[in-house]
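What follows draws every value from the coordinates through simple rules; no lab data is involved. This structure is a prediction, so every number in the text was calculated from the model and none was measured. Cβ sites come from the backbone with ideal geometry, for glycine too, and all protein chains shown count toward neighbours.
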C-alpha cells in the first residue's frame, strides 16, 4: 500500500548480510527447489485480496494510495519474464533496484514513487505463470522481488503470457494517482518472446480467482489498460531470440515506439528510470543519462533504448536527444472484474 520510504543503506546492508551468511537472494525460490516450501509466496499470489479497511476490500486488487507521508503517489509496475530463455536476467534485476528508486526519486523529482514487481511465465504450461506483489514505497518491494519463484519454464512456442500483466493492470489495480488526479501510472513488461493472442476466462479464474465475462484478446486488454497506464514493453536483445523479426514486429504492431529494445538487460533499471525521468522532467536523453550517472558503453546502451521513444507515442514531456552509434553488445476508478 506504499507506506515508509526506501532506504538505500538498509538495502546494501541486507545484501551484504545475505552474501556473508550464504542466504540466497531469491530465498523462496531456493526453498521451493529444496522441497521445503510449496506454491507461490502468499505476498505474490494474484488471488490475494485487499484487506477489510480498503475501499475494495475482499477483491483481488493491488492498490497505490496517497498518505500523509506520500501525498502524490505515482504507481510504477514492473513485471518480467521468468521463463528459461531469460536466463539470469531476473536475478540481475534484483541487484539494480537501488539505482531505480534513487534515480526516480532524486533525479526525476518524483517524491512518492510506489513500485510493484511481478513475474510472468506461460499459463499454457508453467506451474507459476503469474506472480505479483504490492505497490510499495519502501524496501518491501525488494523483499517481494526476492520471494518470486524464478521458474525457468516456458513451452518452447516462443509465446508467453504477457497479456496477464495487462489483465492485471486493467482490472486488478486501483490508484489514487489516476482516481484523484487523472495521472496515469507506468507499466513495464520485460521479456524476449511474443505473447499469446488472448487471455481466456479459465485463465482468469485459475490465476485471479474471479469470473471474467469473456475471453479477451491482448489488443482489447491493451486498449483497456492504456486508459490508466503508460504502457511499455522492454525487449531483451540479449535474451533467447535477439533476431526474430516475427516477435519484434508483433510487439511493434501493438505498442509502436513504446516497444523498447534493451541491448544489455543488466541496465534495465537504468532504462526504466530513464524513460520515467525523461517524461516527467522533459529533459533530453543526454541529460537524463548524465543524471543517472552513466558513461561509456552503458551510457550508449541506455541512449539507444531511450532515443527511439518518439514524440508520437508519449505524453507532451518526451525524450529527445542525439542518436548514438549502435554497438554490438549482445473511466476512472476500479474496473469491473
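Using a ≥ b ≥ c from the Cα gyration tensor of the chain (square roots of the eigenvalues), is it rounded, prolate or oblate, where a/c under 1.5 gives rounded and otherwise the larger of a/b and b/c decides, a/b for prolate? It would help to have the intermediate numbers written out before the result.
On the way: a/c = 1.16, a/b = 1.15, b/c = 1.01.
Rounded, because the longest to shortest axis ratio a/c is under 1.5.
Okay, helix-only estimate at 222 nm for the chain: each DSSP H run of n ≥ 4 adds -39500 (n - 2.57), divide by all residues, round to 500 deg cm²/dmol; what do you get? Let's see the in-between values first.
Numbers: 12 runs with 117 residues, N = 337.
The helix-only estimate for the chain comes to -10000 deg cm²/dmol at 222 nm.
State, as an integer percentage, the relative contact order of the range 8-269 based on alpha-carbon contacts under 8 Å between residues 6 or more apart.
Values: 491 pairs, mean separation 53.9, N = 262.
Once normalised by length, the contact order is 21 percent.
Need one number: nm distance between label points at residue 227 and residue 68, each 7 Å from Cα along Cα→Cβ, rounded to one decimal.
Distance between label points: 3.5 nm.
Which of rounded, prolate, oblate describes the range 159-221, given a ≥ b ≥ c as roots of the alpha-carbon gyration tensor eigenvalues and a/c under 1.5 marking rounded, otherwise prolate only if a/b is larger than b/c? Walk me through the intermediate numbers first.
On the way: a/c = 2.34, a/b = 1.36, b/c = 1.73.
Oblate, because a/c is 1.5 or more while a/b does not exceed b/c.
So how far apart, in nm, are the two label points at residue 47 and residue 215 if each is 7 Å from Cα heading toward Cβ?
2.4
Using 7 Å Cα-to-Cβ label points, what is the residue 257/residue 198 separation (nm, one decimal)?
Result for the modelled spin labels: 3.3 nm.
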